[in-house]
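Values quoted throughout were computed directly from the atomic coordinates according to the rules given, and no laboratory measurement underlies them. All values derive from a computational prediction rather than experimental measurement. Using ideal geometry, Cβ is built from the backbone for each residue, glycine included, and neighbour counts are taken over all protein chains shown.
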Amino acid sequence: MKRFFALSRTTHGVLDLAMPGFVALLWLGEFPSLWTIALSLFTAFAAYTAVYALNDLVGIVVDKEKFVGGINAGYSVEASDLRYPLAQNALSYRSGALWFAGWFALALIGSYMLNPFIIVILVAAAILEVIYCLLLKVTYLRTFVSGLVKSSGPIAAIYVVDPAPALSLVLLVLAWVFFWEIGGQNVPADWNDTVEDKRVHAKTIPLQLGTQAAGLIVLLTLSLTVVVSLLLPRVSPLSLNWLYLLLSGLAGLLLLLKPGYELFKQQSEGRFAAKLFDNASYYPLAQLAIITLFVLIK
């Protein structure tokens with residue numbers, strides 16, 4: 001099973017579950033029923049497992065080219081030696097495809113039970129993931145597609161707890177996740193993979209625009225992430241006071257802005273990109289812990 005979970009980057013996927021969990025609690029202002037929590041966790045796990053596997057299935061040819069000289073050290077949240085098992089021939093393509101299909105089917109079933117509209121979000125996320133992979137050698141603007149893919153989970157969480165949410169508030173949440181994904185995940189990941197990406201003539205922000213511009217983009221998007229996070233209490237029925245804003249801002253400062261600034265200063269050091277990626281991966285978990293505290297003490 002290790003090879004299959006490596007295909008789906010399950011360690012990272014489990015951390016990703018914190019983002020929709022945070023958004024659902026923030027939006028609802030209380031814990032939903034145990035049945036809703038259990039079904040939502042299962043559905044989200046299935047969806048992330050499937051979409052991460054889809055990434056490697058679509059990109060298998062390019063991945064084999066990228067890692068012909070060896071696979072880089074990666075990040076602490078996905079540092080397994082079995083990373084990219086398809087590219088390493090540690091797992092057959094047929095097995096990977098069946099793994100994806102099984103989890104995607106379960107995610108579709110769970111989505112229907114939670115709210116049929118979530119099926120539209122899930123299918124759109126899968127299509128966008130395919131587009132994202134196919135754009136690797138085409139344009140660095142694919143990073144915007146990545147932001148939309150990662151936003152799909154938290155947006156789906158809103159529709160779990162609210163069948164008719166206000167569009168303006170949905171867009172506010174989308175913007176927050178969008179900026180976090182670009183500055184804390186996508187650009188740092190591409191920065192860490194510059195050696196491998198050069199082998200296949202990939203079009204990424206660090207390679208096309210240079211590290212100075214990439215560093216500025218990271219700082220800008222992460223700053224926007226923190227600013228937008230301070231507006232998120234608008235979507236919640238909870239009375240989130242100055243203490244919530246302080247804790248949320250502190251999480252952004254320590255997990256996003258500090259490592260982001262270090263990366264900007266040390267522009268040639270890929271390890272700082274990996275450090276930012278790791279820290280940013282724990283940012284949703286920190287936000288989930290904060291909102292859980294305020295739900296419990298309300």
- Gyration tensor on Cα atoms of segment 2-297, a ≥ b ≥ c root eigenvalues, a/c under 1.5 rounded, else prolate if a/b beats b/c, else oblate, says oblate
- Message: Give me the extension gain from residue 112 to residue 127: residue separation times 0.36 nm, minus the current Cα-Cα distance, reported in nm with one decimal.
- Response: 3.6 nm
- Message: Under a Cβ-only charge scheme (Lys and Arg +1, Asp and Glu -1), can you give me the dipole magnitude of segment 2-297 about the Cα centre, in debye to the nearest 20?
- Response: 360 debye
- Message: Residue by residue through segment 219-224, what is 3J(HN,Hα) from phi via Karplus (6.51 cos²θ - 1.76 cosθ + 1.60, θ = phi - 60°)? Round to whole Hz and write x for glycine and proline.
- Response: 4, 5, 5, 6, 5, 5
- What 222 nm value per residue comes from the helices of the chain, counting each DSSP H run with n ≥ 4 as -39,500 (n - 2.57) and dividing by all residues, nearest 500 deg cm²/dmol? -22500 deg cm²/dmol
- Query: Want the number for residue 95 to residue 245: 0.36 nm per residue separation, take away the alpha-carbon distance, what's left?
  - Reply: 49.4 nm
- Identify all lysines with a Cα-Cα distance to residue 275 below 26 Å; exclude those on the same chain that are fewer than 8 residues away in sequence. 2, 64, 66, 137, 150, 198, 203, 258, 265
- Roughly how many nanometres apart are two label points built 7 Å out from the Cα toward the Cβ at residue 254 and residue 65? 4.3 nm
- Query: Going by average Cβ neighbours within 10 Å, how do the peptides 127-140, 246-259 rank, with the highest at the top?
  - Reply: 246-259, 127-140
- Protection-proxy order for peptides 11-19, 204-212, 31-39, each taking the mean of Cβ atoms within 10 Å per residue, highest first: 11-19, 204-212, 31-39
- Stretch gain in nm, segment residue 33-residue 271, where the contour uses 0.36 nm per residue and the Cα spacing is subtracted: 81.4 nm
- Neighbour-count ranking [beta-carbon atoms within 10 angstrom, fewest first] of 150, 275: 275, 150
